[in-house]
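Everything on this sheet refers to the single structure shown next.
Please treat every number below as a calculation from the coordinates, not as lab data. Bear in mind the structure is a predicted one, so any value in this text is a computation, not a measurement. Every residue, glycine as well, gets a Cβ built from its backbone with ideal geometry; the counts of neighbours run over all protein chains shown.
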Amino acid sequence: MLAFILAVALPLASAAEDMPGDPNKLRIEDASGKTIAVFTVQQLQSDFEQQTYDTRTPWTHEHETIVYRGPLLESVLKRTGLADAADLKIIAYDDF
């Protein structure tokens, strides 16, 4: 089971190397580069069960945590027919 959570910020992620267009959409492509799904932030928030993950990061203060919310990556992959994909490449809008 994939334990990744697509955070609210993760709509900036894409399987695409060069992502033109709206940075507030998650675009999923197959290995050939063909777009097979595009999700808006609103769709990711309303069309999928939401998960919450509280964590500390190197840039948070001593008693501070950051809360990430969003659907499980597994749920998004199932919706797009890629749940059994052997390899995934995820690239953020800013190439991070």
Self-check item: Distance between modelled label sites at Y53 and I66, nm, 7 Å Cα→Cβ extension
Solution: 1.1 nm
Quiz prompt | Percent of Cα-Cα distances greater than 22 Å, calculated over the stretch 10-92 | solution = 32 percent
